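The values are calculated or read from the model by the stated rules, or taken from the named source; none is laboratory data. Keep in mind the model is a prediction, meaning the values are calculated, not measured. With ideal geometry, Cβ positions are generated from the backbone for all residues, glycine too; neighbour counts draw on all protein chains shown.
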Amino acid sequence: MDLLTVEQRLVLFAVWVSKGGNDARNVASLTLLTRAVVESSLTQLDTADCIRQVSEDDPPHYTADLLDGVPLVPSWDRWLAEYCDAFPPFVDRDAEATTFCSCGVVLLTAVLASTKNADLIAHVTTFPRAFVQKVIDLADEDAVWLFHNVLDLRHRLLRTAPLSEIEKTLDVVKEDFWMAKPFEDSEALEYLREGRQFGGKMDDWPEAEDIRNTE
């Protein structure tokens, strides 16, 4: 997916914040963009599956509920297991890096299943619910779901891109998410993960063997 222009980002945000849908006139008023620019942006966003039309009114109304509960991939839980088998989401003897990978799995699952249901995500991934909820809450705070790389991940999932493409895109998504967090949030995520990895595994190295331990 091509990079979104500044105007398209503004239009996408204006549509996203209006939960019931918005039309070109209201979006133009909110963004201070011309009607022509807004209508062109809406067309491009609709084509890229970033928004969808929710009425046949004239003018039509659009919504940007990207996590509407309709999975992007059939049998998405099996797809996720296959992906994590191909690209194991942990780093041996590094709890922080493993937490970094685990956050990526939570974000991928949310996008893949189009849901922020922490109970469902925790059940499928086996991560502690509190960890999953923290990742979702932090993603909500920063509107991560509207980041270009998350939209690109969604687009690649929709067109059933190879797992290697998904892996490269998810790496950037993880980096965007992690770097936006203050140190205390990163520590909280590591604590809430409780050493649990995707699929029910546990970190199998003692704290003394963590590569960050220099003593």
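Some observations on this one:
- Total residues in the stretch 126-135, condition surrounded by fewer than 20 Cβ atoms within 10 Å (Cβ to Cβ) and on the phi < 0 side of the Ramachandran plot: 4
- For first residues located in the stretch 158-169 and within 13 Å of L80 (Cα to Cα), partners that are at pLDDT below 95 and lie 6+ apart or on another chain with Cβ distances below 6 Å form the pairs I166/R156.
- The residues in the stretch 93-125 that are without any contact (Cβ under 8 Å) to a residue 24 or more places away in the chain and either touching a strand residue (DSSP E or B) at 6+ places or on another chain (Cβ under 8 Å) or crowded, with 24+ Cβ neighbours inside 10 Å (or both) can be counted, and the count is 1.
- The C-beta contact set for the stretch 63-83 (first residue closer than 14 Å to F198 by Cα and outside the structural domain of V17 (by TED's automatic domain parsing), second residue in a helix (DSSP H, G or I) and polar (S, T, N, Q), distance under 8 angstrom, 6+ apart or interchain) comprises L80/T109; L80/T125.
- Residue satisfying all of: in the stretch 51-92; of a type in the set (D, E, K, R) and modelled with pLDDT of 90 or more; surrounded by the most Cβ atoms within 10 Å (Cβ to Cβ) among these: D77
- Looking only at the stretch 139-169, residues that are crowded, with 18+ Cβ neighbours inside 10 Å and under 23 Å from H123 (Cβ atoms) come to 8 in all.
- Qualifying residue in the stretch 112-134 (condition: assigned to a helix (DSSP H, G or I), under 23 Å from L163 (Cα atoms) and hydroxyl-bearing (S, T, Y)): yes
- Search result, residues across the stretch 46-104 that are aliphatic (A, V, I, L, M) and touching a Phe, Trp or Tyr at 6+ places or on another chain (Cβ under 7 Å): I51, V54, A64, L66, L67, V73
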